[in-house]
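Any read-out appearing in this document is the output of simple, stated calculations on the displayed coordinates, not a laboratory observation. Nothing here was measured: the structure is a model prediction, and the numbers come from that model. With ideal geometry, Cβ positions are generated from the backbone for all residues, glycine too; neighbour counts draw on all protein chains shown.
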Amino acid sequence: MTDPVKFAVIELDMHHITKQNVWLTFIASIVLLFAYYLTFGWPEHFSISSILLNIVLFVVLYVALIVLHEICHLIGFVLFGRVPLSSLKYGLNLKLGVAYATTTELLPNYVMRKALLLPFWVTGVIPVIIGFAIENVAVVLGGAWLIAGAIGDFAMYTALLKYPKNCLVKDDEKFPRLHLYSLKPLETTKKDTTL
């Protein structure tokens with residue numbers, strides 16, 4: 001078998017992604033809170049205890065969903081890419097202020113794209129639906145923040161759409177970047193992409 005040849009790198013500009021995340025968090029929160037109160041109306045009365053309870057619930061849920069977001073990437077690598085459990089890595093990059101989940105295995109582009117978007121559905125969309133179903137604003141807001149939190153995953157997903165679906169993708173273990181490989185020589189080399 002031919003050794004893979006690296007031909008491109010997709011790297012996130014974390015400063016840009018952070019700004020986008022802040023704006024999207026604000027917009028998603030306003031839109032979903034507005035939809036929530038259109039659906040269920042304003043509470044007849046507010047109490048300090050109910051407000052504090054919702055704040056605590058939101059914070060706990062938000063932290064749990066961030067952890068679950070990264071676990072969903074690992075599940076995606078195993079479920080869609082059939083990678084061995086021994087290839088999975090999970091941790092925190094304190095320098096960048098982000099949690100990460102990765103595999104040491106090369107994955108086909110179309111598999112990586114599925115693994116990138118799995119957390120959006122599980123930790124963003126589903127909690128919003130559950131929040132509406134149980135009429136809990138804290139759960140809706142937690143889902144809204146995780147929908148916005150998937151902005152980096154969407155940026156990488158969009159960048160991967162420009163490349164062949166069967167090219168191989170290696171998730172960087174230290175930085176928010178993807179390395180792209182081909183098993184056959186390419187006629188033209190695509191330039192590195194920074195998002």
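Could you list, in sequence order, all residues of segment 63-91 that are of a type outside the set (A, V, I, L, M, F, W, C) and buried (at least 18 other Cβ atoms within 10 Å of the Cβ)?
The answer is HIS69, GLU70, HIS73, GLY76, GLY81.
Within segment 156-175, restricting attention to residues that are of a type in the set (A, V, I, L, M) and surrounded by 18 or more Cβ atoms within 10 Å (Cβ to Cβ), which residue is nearest to HIS16 (Cα to Cα)?
MET156
Go through segment 48-86 and give me each residue that's in contact with a helix residue (DSSP H, G or I) (Cβ under 9 Å, 6 or more places away or on another chain) and polar (S, T, N, Q).
The one that is in contact with a helix residue (DSSP H, G or I) (Cβ under 9 Å, 6 or more places away or on another chain) and polar (S, T, N, Q): ASN54.
So TYR163 ticks every box in (1) in a loop (DSSP other than H, G, I, E, B); (2) under 21 Å from ASP3 (Cβ atoms); (3) under 16 Å from the mean Cα position of the chain (by Cα) but one. Which box is left unticked?
TYR163 satisfies every listed condition except (3).
Report, by residue number, each residue of segment 1-23 that is within 27 Å of ALA150 (Cβ to Cβ), part of a strand (DSSP E or B) and among the aliphatic types (A, V, I, L, M).
Matches in segment 1-23: ALA8, VAL9, ILE10.
Under 6 Å between Cβ atoms, at least 6 apart or on separate chains: pull out the pairs that start in segment 62-87 with a residue that is touching a residue at least 40 places away in the same chain (Cβ under 8 Å) and end on any residue that is of a type in the set (Gly, Ala, Ser) and assigned to a helix (DSSP H, G or I).
TYR62/GLY142; LEU65/GLY142; HIS73/ALA115; GLY76/ALA115
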